[in-house]
Amino acid sequence: MRKLVHGLTLGAAVLLLGGCSGTIPVEYETQSYVQINEGAAELGEFVYEPADAGEVETNQLQNTAVGSIYIAEDVSRYVQRATALEMQSAGVEIEDGAPVRVVGRINKLELDDLGYSVDWSYSVTYTARDTRSNEQIFQKTYTPDKRTTGKFGQPSDYTSSINLIILAGIEAFLEDAKARDLFVTGGWAGETDDGEDGDAGAPVS
């Protein structure tokens, strides 16, 4: 994969969250302070689970109030590109043929917009595989703390909320990857533990 530019800008119509349908403008720029400064990874497919299950459109956020909320790009693609930008900013090369392939599954990107505020929830699972054997060497689900914003405001309020909660998931993944030398040794340094929702998965065939 060619190196991605350090900036992601997607424009759309203005939206105030008030029981109506609309599109939130989204713009992502690197924000993480995590530094790895070595290693490389291939970026594989990212999947938006709610869309795959037929619950929402590929660029639609889950929400609880009346109306449908969208962003200007497929959620899976947006998170994939944000992940690539932050990995590059951390000093990890994104290239085809790297020893490790990183894929992602977005389990939830939801806003609870009933009432007078909006609670944003997010869950993402990152998986790393050996590119030669396709063996899983790492898997962990990250669920950042919810973020709360006002229901009525400028579009940039909602853009920031989406980006910050996605960033929280990426940073947690990068910290784990750094601790395990995932992009340098292929994740085999040290022990791995079985488990989900906070535990790294042991290698499987």
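Quick notes on this structure:
- Residue match in the range 108-118 (condition: among the polar types (S, T, N, Q), farther than 30 Å from Lys178 by Cβ and either surrounded by fewer than 18 Cβ atoms within 10 Å (Cβ to Cβ) or in contact (Cβ under 8 Å) with a residue 12 or more places away in the chain (or both)): yes
- Scanning the range 35-59 for residues that are of a type outside the set (Gly, Ala, Ser) and within 13 Å of Lys108 (Cβ to Cβ) returns Val47, Tyr48, Glu49, Pro50, Asp52, Glu55, Val56.
- Enumerated strands (runs of 3 or more DSSP E) restricted to the range 27-98, each holding at least 1 residues that are without any contact (Cβ under 8 Å) to a residue 40 or more places away in the chain: 60-63
- For Val75: the one exception among (1) closer than 27 Å to Phe183 by Cα; (2) at pLDDT below 95; (3) among the hydrophobic types (A, V, I, L, M, F, W, C): (2)
- Members of the range 32-57 that are polar (S, T, N, Q) and surrounded by fewer than 15 Cβ atoms within 10 Å (Cβ to Cβ): Gln35, Asn37
- Residues in the range 31-52 that are hydrophobic (A, V, I, L, M, F, W, C) and touching a Gly at 6+ places or on another chain (Cβ under 8 Å): Ile36, Phe46, Val47.
- Which listed residue is exposed (fewer than 13 other Cβ atoms within 10 Å of the Cβ), within 16 Å of the chain's Cα centre (by Cα) and modelled with pLDDT under 80, from Gly198, Gly190: Gly198
One line per residue, one yes/no per condition, for (1) under 20 Å from Phe173 (Cα atoms); (2) crowded, with 19+ Cβ neighbours inside 10 Å:
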{"residue": "Gln88", "(1), (2)": "yes, no"}
{"residue": "Asp96", "(1), (2)": "no, no"}
{"residue": "Val100", "(1), (2)": "yes, yes"}
{"residue": "Ile106", "(1), (2)": "yes, yes"}
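- Flag for Thr127 being outside any loop (DSSP other than H, G, I, E, B), over 14 Å from Leu167 (Cβ atoms), among the polar types (S, T, N, Q) and at pLDDT 95 or above: yes
- Per the listing Arg77, Arg129, Arg147, the residue uniquely of a type in the set (Lys, Arg) and buried (at least 22 other Cβ atoms within 10 Å of the Cβ) is Arg129.
- Test for Leu8: is it modelled with pLDDT under 95 and farther than 22 Å from Arg105 by Cα: no
The values are calculated or read from the model by the stated rules, or taken from the named source; none is laboratory data. This is a predicted model, so every value here is computed, not measured. Cβ: placed from backbone, ideal geometry, glycine included. Neighbour counts: every protein chain shown.
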